[in-house]
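Accompanying notes for the structure given below.
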Amino acid sequence: MMMSETKTNATSRPGLRGWLKGEAAQTNVMLAVSCVLVLIAMTALRPSMFLSSYNFESMAFFMPELGILSIAMMIAMLTGGIDLSIVGVANLAGITAGTLFGAMAGDGGSGALGLGPVTLGVSAALIVGLLAGLLNGFLISVLKITPILATLGTGQVFIGMCLVLTGGPAIVGFPPGWNAIGNGKLVGIPVPLVIFVLVCIALSLLLARTSFGLRLKLIGTNPKAAVYAGVKRGQMILYSYMLTGMLAAMAGILLSARTNAAKSDYGASYLLQAVLIAVLGGTNPAGGRGNVLGVALALISLTLLSSGFQMMRVSNHLIDFVWGAFLIGVIALNSWRRRKGA
Amino acid sequence: MRFLRSSDAIILAILAVAMIFIGLVNPAFWQMSNLFSLLKENVVIGIMALGVLLVMISGGIDVSFTAFAVAGMYLVVRSMVALDYNGLVLPFASTIIIGGLLGLMNAGIIHKFKMIPLIVTLGTASVVRGLVLGLVGTSNVNINKMPEALVNFGKTDLFVLERANGSTYGLTAMIVIYLGLAVALHLVLKHTMIGRSVYAYGADPEAAKRVGFSTGRTMIFVYVTAGALAGFAGLLHSSMIWLANPRDFVGLELDVIAAVVLGGASIFGGRGTVLGTVLGVFILVMIQNSLILMGIDTTWQRVVVGAMLVAAVTVTALRDRRALV
């Protein structure tokens, strides 16, 4: 798994820090440029539809859930891992809250539930995410299972638990307070977008300005040096997966609040897209590199692109093809740049 | 006596215990018709698992093989329908070639760009599925349109038994193909240079290169074989169920990977045997199919498969515990 990095690390160790910063900045500039290019191209092709405020507003509502999942994926990749269970965690969080609302509402229907139960639901969903992340982190850091297989397995367990809780069909009818999280507006700005921006700011501060973030990246860059520097590897990995689980649960809250429903197989295509956005945003899946701004820019450019495709009536399957081709293209580009930089 | 201490022996013991347990809960398990249908269920998953085993021995992981199976199966069946062609050899040869070429694409990207196989195969799976569904079509080819030769081939039985009420059931002949492929892969892995190079590469790519293995060739062998096996399994599946569904096999990746891991292969590479994988596939299929016999609701199936995967990787991780730094 480490084969991709050993070579470049060895040759570029002097000035590693400056080089890292340089590359991250470079990637972000490229992403910002591609955002603008996509915007111009789509506007030229479909001016009246693409530039409408309705289009941007709908993007602002559905983009945040994918964005938060991508950031969760980036956190898992920082230590050289991956979390394939994020979509399962997101759905389980939404379904747990939905089941809870169903139990609390009784015969009156969930419409009558006020702020208190909604807060309880949000906390329950976040706790589910935290526990799911704790399980992943335990399997990975204590039992030393490869992240791929551990999260592949737990992801199935989570989806299975969704099926057991719902029996198959979607849970519908969330209280109005819950829906406001996904569809409401705060001084004219969609609530999901507000939450996403807050998450972005909090996590970029956490990664760039705290010793937690620095240690997390060190584990990914050079595990041996991290141990010699006194980083408690197991503990850090445990925390990072708990954070990933919480973020996934947050995305699950947004998803079920926006659609007013929760189901075991919602957002199945988000997994690939989250990996793609994380990698496109300059995250190195082998660990050590990743920043929130890059992920956010990658998210925006890909959302613009796919919304443009949808307007041109390209079939969803071909959009899947484009996502996959993009991922491979980015891999090729990164490898070419690494070789040039080394 | 060496066999008794190997992981294969442990897996065999687990299998025996599980069979006795399921048989005690519901004696219907031991009916010949149930065992025959279990064996039939093994064929397609098993052939795919042989490919995944190869990839895992080389230290990689593959989640694109189900997409390749769909591509081979659907392209071939649709062309057969369009051309009104009714045969066996050419269609199976084509699906193997389609799978193999797609596998070559995986090998090329993984080797050339030195990228993590999981992420590459996630991408190629999405590309292939998107192209098949977006360009070729999304509709099923049903039994009334399916080429007759394929349907008849899938119906072939080794022998047929009669129940007390006069209805008959048989053991599918496809099991011979599966076991034949398994034996062939076992011989290649144990007794040829290319087979040994897969183990060497999986245990330590750098060491494999230094002793003189051509790692590029090993990667091509691994992924092309895995792709070809997947393509073959895809068409075989469609001839056994008399249906070609372009949305088939979604989520089957996990079952197959779980079966290979149950069979004792390690994702760190360098470990894994064909016998273990065949047993792992049998355990997985048996437990999935016996949940109903044991009176457990089918909604629990995913929880059970996921938990089995986690348990199996935990055991292999404890076995292969390596210094992590």
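Can you tell me how segment A:155-207 classifies by the Cα gyration tensor, rounded, prolate or oblate, using a/c under 1.5 as the rounded cut? Working shown, then result.
On the way: a/c = 4.82, a/b = 1.46, b/c = 3.30.
In terms of gyration-tensor shape, oblate.
Considering only B:Gly108, B:Gly166, B:Gly46, the Gaussian network model of chain B with Cα springs below 10 Å gives its largest mean-square fluctuation to B:Gly166.
Spatially, segment A:142-219 and segment B:105-182 are offset by 36 Å when compared through their Cα centroids. Summarising the label geometry, the points placed 7 Å from Cα in the beta-carbon direction at B:Val250 and B:Lys155 lie 3.1 nm from one another. Summary value for segment A:47-341: 34 percent relative contact order, contacts being C-alpha pairs under 8 angstrom separated by 6+ residues. Proximity of backbone amide H atoms, modeled 1.01 Å from N, is registered between A:Lys185 and A:Val191 at under 5 Å, excluding neighbours fewer than 5 places apart on the same chain. Quick one: buried accessible area between A and B, total over both chains, 1.4 angstrom probe, nearest 100 Å²? Heavy-atom accessible area buried at this interface is about 4100 Å². Shown for chain A are the DSSP H helices of 24 Å or more along their axis, judged by Cα atoms, with a mean Kyte-Doolittle hydropathy of at least -1.0: A:16-45, A:53-78, A:86-105, A:115-137, A:147-166, A:191-209, A:233-259, A:292-311, A:316-341. Ranked by the mean number of other Cβ atoms within 10 Å of their residues, highest first, the peptides A:277-289, B:262-274 fall in the order A:277-289, B:262-274. With Rh defined as the Kirkwood radius, the inverse of the mean 1/r over Cα pairs, the Rg/Rh of segment B:57-124 is 1.09. Remark: mean inter-chain Cβ contacts per residue of B:308-316 equal 5, using a 10 Å Cβ-Cβ cutoff to other protein chain atoms. The charge dipole of segment A:213-342, taken about its Cα centre with unit charges on the Cβ of Lys, Arg, Asp and Glu (plus for the first two, minus for the last two), comes to roughly 600 debye. The B:Ala16 and B:Ile296 beta-carbon pair, evaluated with R₀ = 22 Å, returns a calculated FRET efficiency of approximately 0.60. Estimated purely from DSSP H runs of n ≥ 4, each contributing -39500 (n - 2.57), the mean residue ellipticity at 222 nm for chain B is -23000 deg cm²/dmol once divided by its residues.
The accessible area of B:Tyr169, taken with all protein chains in place and a 1.4 Å probe, comes to roughly 40 Å². Among the lysines of segment B:3-318, pairs that are 8 or more positions apart or on different chains and have alpha carbons within less than 21 Å of each other number 5. Between the amide H of B:Asp157 and those of B:Ala173, distances stay under 5 Å, these residues lying 5 or more places away or on another chain, with hydrogens modeled in the peptide plane. Each principal axis of the protein assembly as shown carries a Cα extent, and these read 75, 68, 52 Å when sorted largest first.
Working note: Debye formula, equal point scatterers on the alpha-carbon atoms of chain A, no solvent; log10 I(q)/I(0) at q = 0.06, 0.07, 0.11 Å⁻¹ is -0.22, -0.30, -0.73.
Averaged per residue, the protein assembly as shown has 42 square angstrom of accessible surface, using a 1.4 angstrom probe with ligands and nucleic acids left out.
Based on DSSP H assignment, which helices of chain B show an axial Cα extent of at least 20 Å together with a mean Kyte-Doolittle hydropathy greater than or equal to -1.0?
On the way: long enough: B:7-25 (27 Å, 2.61); B:32-57 (35 Å, 1.79); B:65-83 (27 Å, 1.75); B:89-113 (36 Å, 1.51); B:117-131 (21 Å, 1.41); B:174-191 (25 Å, 1.89); B:215-241 (39 Å, 1.15); B:274-293 (29 Å, 2.24); B:301-319 (27 Å, 1.45).
The answer, listed by residue number, is B:7-25, B:32-57, B:65-83, B:89-113, B:117-131, B:174-191, B:215-241, B:274-293, B:301-319.
For segment A:78-217, which whole-number percentage of the solvent-accessible area (1.4 Å probe, protein heavy atoms only) is attributable to carbon and sulfur atoms? Display every interim value, and only then the final one.
On the way: 4090 of 5490 Å².
Reported share for carbon and sulfur atoms: 74 percent.
Nearest 500 deg cm²/dmol is fine: what mean residue ellipticity at 222 nm does chain A get from its DSSP H runs of n ≥ 4 alone, each adding -39,500 (n - 2.57), divided by its residue count? Calculated at 222 nm, the ellipticity per residue is -25500 deg cm²/dmol. The share of accessible area on segment B:3-318 that comes from carbon and sulfur is 67 percent, using a 1.4 angstrom probe.
Taking a ≥ b ≥ c as the square roots of the Cα gyration tensor eigenvalues, with a/c under 1.5 meaning rounded and otherwise prolate when a/b beats b/c, else oblate, which class fits segment B:3-318? Oblate shape, in that a/c is at least 1.5 and b/c is the bigger or equal ratio. Peptide A:134-146 is shielded by partner chain Cβ atoms: per residue, an average of 3 of them sit within 10 Å of its Cβ.
The values are calculated or read from the model by the stated rules, or taken from the named source; none is laboratory data. Worth saying up front: this structure is predicted, and the values here are computed from it rather than measured. Cβ coordinates were reconstructed from backbone atoms using ideal geometry, including for glycine residues, and neighbour counts include every protein chain displayed. Surface accessibility is based on the protein's heavy atoms, side chains included, excluding ligands, DNA and RNA. Shrake-Rupley method; radii C 1.70, N 1.55, O 1.52, S 1.80 Å.
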